[in-house]
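Structure, as structure tokens:
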Amino acid sequence: MHSLAKMLGVQKILEIGTANGYSTIWLADAICKQKNARLLGLEISAPSYKKALENIVAQGLEKIVEIKFGNALEILPTLTEQFDLIFVDAQKALYADFWKLCKPLMRPNCVVVFDDVLKFPEKTKTLHAQMQREKNYQKIILPTDGDDGILVVRQK
Ligand SMILES: C[S@@+](CC[C@H](N)C(=O)[O-])C[C@H]1O[C@@H](n2cnc3c(N)ncnc32)[C@H](O)[C@@H]1O
């Protein structure tokens, strides 16, 4: 994800499912030299949210990273900004719902990445079915560790 963010030269990232901020810090590092760099993370677990804030401050990334605490399903419809890269890594069974809510938040050429799309076939089957119907988007599944993969999506 760090390499991808660098290669794409993205400025604004949305992360759905921040946990303790590990991926957030990698992604923020990839964009920190960009003008107008911004990463917005969403996290539903209070302890994880608190830990993420601590970790981000410890890395000196608080100027470009904001974490919102709450359910992404409720926060996403309230967002008024758009992003160049969206990393979806929260509840796998909700991936298709997140996708629908992410569509209005995509800048031109925005790339959306869904993590763990092969490891949980039952939970991600609605997303895979939805993606079959998305004729206006390029899609590729890249293998990651072991039996897993990421789904990378971009408008044609
Ligand atoms: C796999 S972890 C994220 C890991 C993180 N992206 C990383 O790679 O370091 C998934 C996180 O999504 C959060 N989560 C699950 N459902 C969510 C929702 N509906 N809204 C926001 N966060 C959610 C969980 O609390 C958990 O911390």
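The values are calculated or read from the model by the stated rules, or taken from the named source; none is laboratory data. All figures in this text were calculated on a predicted structure; none of them were measured in a lab. Note that each Cβ is placed from the backbone with ideal geometry, even for glycine, and that neighbours are counted across all protein chains shown. Each accessible area value is taken on the protein alone, full model and side chains, heavy atoms only, with ligands, DNA and RNA left out. Shrake-Rupley method; radii C 1.70, N 1.55, O 1.52, S 1.80 Å.
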- Item | Sum of side-chain charges, V65 neighbourhood, beta-carbon under 14 Å (Lys, Arg +1; Asp, Glu -1) | -1
- Got the relative contact order for the stretch 21-106 handy, in percent, Cα pairs under 8 Å and 6 or more residues apart? 28
- Item | In sequence order, calculated HN-Hα J values of the stretch 9-17 (Karplus, 6.51, -1.76, 1.60; Hz; x Gly/Pro) | x, 6, 10, 10, 10, 10, 10, 9, x
- Query: Counting DSSP beta bridges in the stretch 12-156, what percent are antiparallel, to the nearest 5?
  - Reply: 35
- Message: Full-extension gain between I140 and T126, please, as 0.36 nm times their residue separation minus the C-alpha to C-alpha distance.
- Response: 3.4 nm
- Message: Test of understanding: what is the full-extension gain from K6 to E81, defined as 0.36 nm times their sequence separation minus their Cα-Cα distance?
- Response: 24.9 nm
- Query: What is the helix-to-structure angle for 46-58, meaning the angle in degrees between its Cα long axis and the longest Cα principal axis of the chain, kept from 0 to 90 and rounded to the nearest 10?
  - Reply: 60
- In whole Å, how far is the Cα centre of the stretch 51-73 from that of the stretch 88-123? 20
- Item | Listed residue (N136, F83, L101) projecting farthest to the positive dipole end of the chain, Cβ model | N136
- Query: By the scheme Lys and Arg +1, Asp and Glu -1, what is the net charge of all other residues having a beta-carbon under 10 Å from that of K12?
  - Reply: 0
- Compute the relative contact order of the chain as a whole-number percentage, counting only Cα pairs closer than 8 Å that sit 6 or more residues apart in sequence. 20
- Query: Which whole-Hz ³J(HN,Hα) couplings does the stretch 125-131 yield from phi under the Karplus relation 6.51 cos²θ - 1.76 cosθ + 1.60, θ = phi - 60°, glycine and proline marked x?
  - Reply: 5, 5, 5, 4, 5, 4, 5
- Using a Gaussian network model of the chain whose springs link C-alpha atoms within less than 10 Å, name the residue from T24, T124, T80 with the highest mean-square fluctuation. T80
- Query: Going down the list K35/K123; K35/K135; K35/K125; K35/K68; K92/K135, which pairs span over 30 Å between their C-alpha atoms?
  - Reply: K35/K123; K35/K135; K35/K125
- Task: Net charge near D145: determine it from the other residues with C-beta under 13 Å of the C-beta of D145, scoring Lys and Arg +1 and Asp and Glu -1.
- Result: -3
- Query: Assigning unit charges at the beta carbon (Lys, Arg +1; Asp, Glu -1) and nothing else, what dipole magnitude in debye, to the nearest 20, does the chain show about its Cα centre?
  - Reply: 600
- Per residue of the stretch 94-108, in order, report the coupling 6.51 cos²θ - 1.76 cosθ + 1.60 (Karplus, θ = phi - 60°) as ³J(HN,Hα) in whole Hz, putting x for Gly and Pro. 9, 4, 5, 5, 4, 4, 4, 6, 7, 3, x, 9, 8, 6, x
- Message: List the residues, sorted by chain then number, that are 5 or more residues from F83 or on another chain and whose placed amide H is less than 5 Å from its amide H.
- Response: M106, R107
- Task: Could you order F87, F120 so the one with the most accessible surface comes first? Probe is 1.4 Å.
- Result: F120, F87
- Message: What number comes out for accessible area per residue over the stretch 2-114 if the probe is 1.4 Å? Units Å², please.
- Response: 48
- Query: Ignoring any ligand, DNA or RNA, what whole percent of the accessible area of the chain comes from carbon and sulfur when the probe is 1.4 angstrom?
  - Reply: 53
- Rank these residues by their accessible area, most exposed first, probe 1.4 Å: Y137, Y95. Y137, Y95
